[in-house]
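Q: Right, I'll just put the structure down here and ask away after.
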Number of protein chains: 2
Amino acid sequence: MGTSKEVPTRISGSSVRRLSRYYRTLDRVQKQGMSHISSQELAERNGVTSAQVRKDLSTFGTFGKRGLGYPVDSLKDAIAGILGLDRQWPVILVGVGNIGQALLRYGQFRRQGFHIVAGFDVAPDKIGTSIDGVPIYRMERLPDLVAEKEVEIGILSVPAPDAQAVCERMGEAGILAILNCAPITLETPEGVTVRYEDMSIELETLSYALTRGGLQEG
Amino acid sequence: MGTSKEVPTRISGSSVRRLSRYYRTLDRVQKQGMSHISSQELAERNGVTSAQVRKDLSTFGTFGKRGLGYPVDSLKDAIAGILGLDRQWPVILVGVGNIGQALLRYGQFRRQGFHIVAGFDVAPDKIGTSIDGVPIYRMERLPDLVAEKEVEIGILSVPAPDAQAVCERMGEAGILAILNCAPITLETPEGVTVRYEDMSIELETLSYALTRGGLQEG
DNA sequence: AATTGTGAACCTCTTCACAGCT
DNA sequence: AGCTGTGAAGAGGTTCACAATT
């Protein structure tokens, strides 16, 4: 029965990530036919405390029933609404190299509502082809395709030395949110949100943990 | 001249990630022939404050010269030592699918000291082949190859439903650190460190930012 | 004059603990 | 009795601001 509260001013990235994980859990238990779930169980399945789960949810409304737990169906819908997963997001991908191609072929995104509608690259042998049904265009087409398909989200998977320049072109083309897979810190254009997907850094974090023994936080 | 302090008990993941980024910046400016760099400049290039940079470094020792900044060469070496980047890390990869193959072909890891020495899969048509020079084995070979090559780090890139079981087999085989690319929260075996590389969650974070407008933290 | 290293202040996120529903 | 929702307490991480040093 998600009583919606006033929009909370600003939520931390970690809190949003946890909501995504709860959503997955709810999707899974829903398929198993479970009708209610307690903060305790949601917590255990996600490696956090039950207080954390309740706090995260209470930021956005009152979803549970005391003594009973949370109704799976309506909580799932509520989180979908909060995260904006109750719609389709057209996405473009710039950089159809090794990693970019794998992402184009990764069907999971589409299933979750993120539909890659176009790829972009500079390599002449890639332009004009299509990968897993996604057409590959030359970089010059970026602005008009972003406008035409009303795309707000872009995946950046070019080599590190090109990433900053491409990031700027994406911003100019009207992209508002970038998932950066290049191993470099970007100077973000005004009004654009950037998230990092950086495997090298995570490997180095593991290297640190093995070298020094132990890390705070999951 | 990195005076090493007593080993700090426990460092946050974010702090380690920032050190990785500083390391990259140092690598870049070193190639440009810069001999010293200030906390201010290191900060700007990484989107943090100069106090943050100084605090991060001071956890591990005294590396700078007041009035001058940090000597690039020796600071880079010091961070390499802290993160354990002053050696080669043999790595195994389990799950030679779409994403796994891209990672096998991604040369960047090797350049950073993470050398994928073997891939594992259940598909008979993959077993016995090799991808970009990395031989692919059947899952049963996991324990003996981990032992033989003295591998501590593993990349997990199997489909979500198989991830928990594979994670446990990796733990039993002697793997101590896992980079999980499957979109699911793992119940970590005792003594094993896990990091998540979860593009779907980052996309959902972007979806949230676009829907609700704004996110805390970079 | 410039810039580090760091205690103290500040802020944010997490956990506690318990009142209040069901 | 069971479990949520939440104010208050507690931890942890970040920034301030300035003495110390080159």
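No lab work stands behind these numbers, since they all come straight from the coordinates. Note that this is a predicted model, so its numbers are computed, not measured. Cβ placement follows ideal geometry from the backbone for every residue including glycine, while neighbour counts extend to all protein chains displayed.
Q: Can you list the HN-Hα couplings for the stretch A:120-133, worked out from phi with the Karplus curve (6.51, -1.76, 1.60; θ = phi - 60°), rounded to whole Hz and with x for Gly and Pro?
A: With the stated coefficients, the stretch A:120-133 comes to 9, 7, 9, 5, x, 6, 8, 4, x, 8, 9, 10, 6, x Hz.
Q: Loop only per DSSP, at most 15 neighbouring Cβ atoms within 10 Å: give me the GluC sites (Glu not before Pro) in the stretch B:104-207, ordered by residue number.
A: When the GluC sites (Glu not before Pro) of the stretch B:104-207 are filtered for loop state and at most 15 Cβ neighbours within 10 Å, B:E150, B:E187, B:E190 remain.
Q: Also: To the nearest whole number, what is the average tally of beta carbon atoms from other chains within 10 Å of the beta carbons of peptide B:111-118?
A: Partner-chain Cβ atoms within 10 Å, mean over residues of B:111-118: 2.
Q: At B:P159, with labels set 7 Å past Cα in the Cβ direction, how many nm apart are the copies from this one, shortest first?
A: 3.5
Q: Sticking with this one: Starting from the Cα gyration tensor of chain A, take the square roots of the eigenvalues, sort them a ≥ b ≥ c, and report rounded, prolate or oblate (rounded when a/c is under 1.5, otherwise prolate if a/b is larger than b/c, else oblate).
A: Prolate, since a/c reaches 1.5 and a/b exceeds b/c.
Q: Shifting gears a bit: Would you work out if the protein assembly as shown is rounded, prolate or oblate? Take a ≥ b ≥ c from the square roots of the eigenvalues of the alpha-carbon gyration tensor; rounded if a/c is under 1.5, else prolate when a/b is larger than b/c, oblate otherwise.
A: Rounded is the answer for the protein assembly as shown, as its axis ratio a/c remains below 1.5.
Q: Positive end of the dipole of the stretch B:96-148, charges at C-beta (+1 Lys, Arg; -1 Asp, Glu), about the Cα centre: which of B:L145, B:Q101, B:P124 has its Cα farthest in that direction?
A: Highest projection toward the positive end goes to B:Q101.
Q: If one takes the longest principal axis of the Cα atoms in chain A, at what angle in degrees, from 0 to 90 and to the nearest 10, does the Cα axis of helix A:72-83 lie?
A: In chain A, helix A:72-83 runs at an angle near 40 degrees to the longest axis.
Q: Take the residue pairs B:K55/B:K76; A:K55/A:K76; A:K126/B:K126 and return only those whose Cα atoms are more than 21 Å apart.
A: A:K126/B:K126
Q: Follow-up question, since we're still on this one. Roughly what % antiparallel, to the nearest 5, for the DSSP beta bridges in chain A?
A: Among the beta bridges of chain A, antiparallel pairing accounts for roughly 25 percent.
Q: If you take the charge dipole of the stretch A:13-82 about its Cα centre, with +1 on Lys and Arg Cβ and -1 on Asp and Glu Cβ, which of A:N46, A:G69, A:S58 is farthest toward its positive end?
A: A:N46
Q: Restrict the search to the stretch A:54-137; then list the trypsin sites (Lys or Arg not before Pro) that DSSP places in a loop and that have at most 15 other Cβ atoms within 10 Å of their Cβ.
A: A:R66, A:R87
Q: Still on this structure, I have one more. Once you order the gyration tensor axes a ≥ b ≥ c over the Cα atoms, which shape class does the stretch B:13-82 get: rounded for a/c under 1.5, otherwise prolate or oblate by comparing a/b with b/c?
A: Since a/c stays below 1.5, the shape of the stretch B:13-82 is classed as rounded.
Q: What is the antiparallel percent of DSSP beta bridges lying wholly in the protein assembly as shown, to the nearest 5?
A: For the protein assembly as shown, the DSSP antiparallel bridge percentage is about 25.
Q: Please find, among residues of chain B, the one with the beta carbon closest to the rotation axis relating it to chain A, distance in whole Å.
A: B:A102, 2
Q: Let me ask something else. Compute the angle between helix A:13-31 and the longest alpha-carbon principal axis of chain A, please, reported from 0 to 90 degrees and rounded to the nearest 10.
A: 70 degrees
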